[in-house]
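**Q** Pasting a structure here, questions to come.
The values are calculated or read from the model by the stated rules, or taken from the named source; none is laboratory data. Every value quoted in this text rests on a predicted model; they were computed, and no experiment measured them. Heads up, the Cβs are rebuilt from the backbone with ideal geometry, glycines too, and the neighbour counts pull from every protein chain shown. Quick note on the areas: whole protein, heavy atoms, side chains included, nothing else; ligands and nucleic acids left out. Shrake-Rupley method; radii C 1.70, N 1.55, O 1.52, S 1.80 Å.
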Amino acid sequence: MKKQIQFANQEEKQEFSKFPTKTGRRSLSRSISQSSTDSYSSAASYTDSSDDETSPREKTQVNSKGSSDFCVKNIKQAEFGRREIEIAEQDMSALISLRKRAQGEKPLAGAKVVGCTHITAQTAVLIETLVALGAQCRWTACNIYSTQNEVAAALAESGVSVFAWKGESEDDFWWCIDRCVNMEGWQANMILDDGGDLTHWVYKKYPSVFKKVRGIVEESVTGVHRLYQLSKAGKLCVPAMNVNDSVTKQKFDNLYCCRESILDGLKRTTDVMFGGKQVVVCGYGEVGKGCCSALKALGAIVCVTEIDPICALQACMDGFRVVKLNEVVRQMDMVITCTGNKNVVTREHLDRMKNGCIVCNMGHSNTEIDVASLRTPELTWERVRSQVDHVIWPDGKRVILLAEGRLLNLSSVMIWVLALALIELYNAPEGRYKQDVYLLPKKMDEYVASLHLPNFDAHLTELSDEQAKYMGLNKNGPFKPNYYRYDRGSKTTQNDFDYVQYTHFYCNVV
């Protein structure tokens, strides 16, 4: 029998009536919760939006300036994206410093840059810096899952022709690249690529574009490998800058950034605890070193696979057991690839994994894990959350696959290097760079590093004239010869030893 609430007087009863009933309170709670969820999912690109399943290709969107030369998920998210870019700028003072120093000179005036990278708040700062330095930009995404929709909207609102959204199909991916390249009355003269897909598309569909292109800047191991293949075959028709093997890329993005992003990526997707977990990291290059260091620090039991005896020896000296994947795959709780190669984790390995094993890729290429072999009738795919799938075997075993085998981590430090590489290639006198692949000049790497130092309140010691003479160095650098490796492995070509002249821009800013 329900008890009736007794009120002392009519005023007390009226006061109580202002509050929702039990049903009302539940509805209010649900309303608030749903409102928060709707607001959050409409803004954050890493959540799924269920309110609009229409393909951006089927929409007609216009920014506040009246332009429709873009294709993003929702242009109305631009304000939120702008706030994310402003937050990113606070942590990218070196690039902002470059923007302020060079903005007056406009070293990219006349440059028409077509870019294919991850589209995040950090890369948006790069794109807007290129625009501030005089470039016209058209941009697309190198990864179908990594685009931050709100950031793409903010770029489109600012006037950048951007064609990207999270969750593109393969057909959408190539359509976006084509829209960037194939624009009537506009032809690129610089290419900035991450993975080589943009360069490949131009070679395949629009080879005449290379008649005006001054150079290619490539930032990934996969794309650089493709460039070296073109060069070896005599098919590389413009100079290309290998940013992937620059010191600042190898050390900062590949080692230090991946040391943090591996933990962030795994925590965001799986909420896994690392202590006591058995982990195998495939590859002990700079990315692998960063991953192993981070996982070991949180108590994981880490072993390494390697093909290179030098990297294998480094792993041993760092305290990691070097194994073959097929020797340990049954016992592993996590399998992480960091090689840039193909079929590192095969269907045979996946069949032998234990229930609940987490499989992910920290390298650029999506070929390291043989995901295609998992799309068979006997296996069931179950979407758990964004970028997390359970692949279920007939006996009930589940393997947790992250990002469908694509890149799990995103780093941003090397963005400064990309800007400088573009400036160098665009301003280089005719004949300085031939139709070959070049590493960044040492002085440029040092300049990128110097831009970061004020963030740490670091004070460089200056050489005296006597010390500089004794060491045979210029007081302003470069401080190491081109073959100095900073304790890292890298490719070295004859071009690395060529004397490199520097533009007026570098002489002034360094």
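**Q** Give me, ordered by chain and number, the residues 5 or more places off ARG214 or on other chains with an amide H under 5 Å from its own placed amide H.
**A** Hits under the 5 Å cutoff: MET190.
**Q** I'd like the GluC sites (Glu not before Pro) in segment 138-193 restricted to DSSP loop residues with at most 10 other Cβ atoms within 10 Å, sorted by number. Walk me through the numbers before you get to the answer.
**A** Working: sites: GLU150, GLU157, GLU168, GLU170, GLU184; in loops: GLU168, GLU184.
Filter output for segment 138-193: GLU184.
**Q** Taking only the Cα atoms of segment 253-405, how large is their convex hull per residue, in Å³? If you can, show how the numbers build up before the last one.
**A** On the way: hull volume 15.2 nm³, N = 153.
Hull volume normalised by residue count: 99 Å³.
**Q** Now for a separate question. What part of the accessible area of segment 253-405, given as a whole %, is carbon or sulfur when the probe is 1.4 angstrom?
**A** Values: 3530 of 6750 Å².
The computed percentage sits at 52.
**Q** A further question follows. Please list, by residue number, everything in segment 124-147 whose backbone N is under 18 Å from a paramagnetic label point 7 Å out along Cα→Cβ of TRP186.
**A** Backbone N within reach: 124-142.
**Q** When DSSP beta bridges are limited to those with both residues in segment 253-405, what percentage is antiparallel, rounded to the nearest 5? List each step's numbers first, then the result.
**A** Working: 10 of 28 bridges.
Of the beta bridges lying entirely in segment 253-405, close to 35 percent run antiparallel.
**Q** According to the square roots a ≥ b ≥ c of the eigenvalues of the Cα gyration tensor, what is the shape class of segment 273-337, taking rounded for a/c under 1.5, prolate for a/b larger than b/c otherwise, and oblate for the remainder? Show your work: numbers first, answer last.
**A** On the way: a/c = 1.86, a/b = 1.24, b/c = 1.50.
Because a/c hits 1.5 or more and a/b fails to exceed b/c, segment 273-337 counts as oblate.
**Q** Then there is this: For segment 319-371, just say rounded, prolate or oblate: build the C-alpha gyration tensor, square-root its eigenvalues into a ≥ b ≥ c, call rounded for a/c under 1.5, and beyond that prolate if a/b exceeds b/c, oblate if not.
**A** Working: a/c = 1.66, a/b = 1.21, b/c = 1.37.
Since a/c reaches 1.5 but b/c is at least a/b, the shape of segment 319-371 is classed as oblate.
**Q** Pull up all non-local amide H partners of VAL304: gap of 5 or more, or a different chain, and H-to-H distance under 5 Å with H placed in the peptide plane.
**A** Counting only residues 5 or more places away or on other chains, the set is VAL281, ARG321, VAL322, VAL323.
**Q** May I pose another question? How about LYS296: which aspartates and glutamates have a C-alpha closer than 12 Å to its C-alpha, ignoring those fewer than 8 places off in the same chain?
**A** Cα-Cα hits under 12 Å: ASP318.
**Q** Also: Apply the Karplus curve 6.51 cos²θ - 1.76 cosθ + 1.60, θ = phi - 60°, to the phi angles in segment 91-97 and return the couplings in whole Hz, x for Gly and Pro.
**A** Once θ is set to phi - 60°, the couplings for segment 91-97 become 9, 10, 4, 5, 5, 5, 4 Hz.
**Q** Under 5 Å between amide hydrogens, which residues at least 5 positions from GLU368 or on another chain qualify, with H placed 1.01 Å from N in the peptide plane?
**A** Amide H neighbours of GLU368: ASN343.
**Q** While we're on this one: So what's the net charge close to ASN427: Lys and Arg +1, Asp and Glu -1, counting the other residues with Cβ under 13 Å from its Cβ?
**A** Working: positive: LYS106, ARG214, ARG432; negative: GLU105, GLU424, GLU430.
Summing Lys and Arg as +1 and Asp and Glu as -1 gives 0.
**Q** Rank HIS459, HIS225 by accessible area, highest first, at a 1.4 Å probe radius? Walk me through the numbers on the way to the answer.
**A** Working: HIS459 150, HIS225 105 Å².
I get HIS459, HIS225, largest accessible area first.
**Q** Averaging the inverse of every distinct alpha carbon separation and then flipping it gives the Kirkwood radius. What is it for segment 345-413, in angstrom units?
**A** Numbers: mean 1/r = 0.0807 Å⁻¹.
Value: 12.4 Å, from the Cα pair sum.
**Q** Still on this structure: Less than 11 Å Cβ to Cβ from LEU192, Lys/Arg counted +1 and Asp/Glu -1: what total charge do the surrounding residues give?
**A** On the way: positive: ARG138; negative: ASP193, ASP194, GLU218, GLU219.
Net of charged neighbours comes to -3.
**Q** Explain nothing, just the number: dipole magnitude of segment 228-370 about its Cα centre with +1 on each Lys and Arg Cβ and -1 on each Asp and Glu Cβ, in debye rounded to the nearest 20.
**A** Details: 17 positive and 15 negative charges, 12 e Å.
With Lys and Arg at +1 and Asp and Glu at -1, about 60 debye.
**Q** Another question about this same structure. Report the local net charge at LYS106: Lys and Arg +1, Asp and Glu -1, summed over other residues whose C-beta lies under 15 Å from its C-beta.
**A** Working: positive: ARG99, LYS100, ARG101, LYS112; negative: GLU105, GLU128.
Cβ neighbours under 15 Å give a net charge of +2.
**Q** Would you mind classifying segment 70-185 by shape? Square roots of the alpha carbon gyration tensor eigenvalues, ordered a ≥ b ≥ c; an a/c under 1.5 is rounded, otherwise it is prolate if a/b is larger than b/c and oblate if not.
**A** On the way: a/c = 2.08, a/b = 1.30, b/c = 1.60.
Oblate.
**Q** Okay, next question. May I ask you to list the lysines whose Cα is less than 17 Å away from that of LYS342, ignoring any residue fewer than eight positions away on the same chain?
**A** Here the lysines satisfying the reach criterion relative to LYS342 are LYS324.
**Q** Oh, and also: Using a Cα-Cα cut-off of under 21 Å, which lysines could be cross-linked to LYS434, ignoring same-chain neighbours fewer than 8 residues away?
**A** LYS112, LYS211, LYS212, LYS232, LYS235, LYS442, LYS443, LYS491
**Q** Another question, then. Could you run the Karplus curve 6.51 cos²θ - 1.76 cosθ + 1.60 with θ = phi - 60° over segment 191-207 and give me ³J(HN,Hα) per residue in whole Hz, x for Gly and Pro?
**A** 10, 10, 10, 10, x, x, 5, 4, 4, 4, 5, 5, 4, 6, 9, 9, x
**Q** Using θ = phi - 60° and the Karplus relation 6.51 cos²θ - 1.76 cosθ + 1.60, list the HN-Hα couplings for segment 58-65 in order, rounded to whole Hz, with x at every Gly or Pro.
**A** For segment 58-65, the Karplus curve yields 8, 9, 10, 10, 9, 7, 5, 8 Hz.
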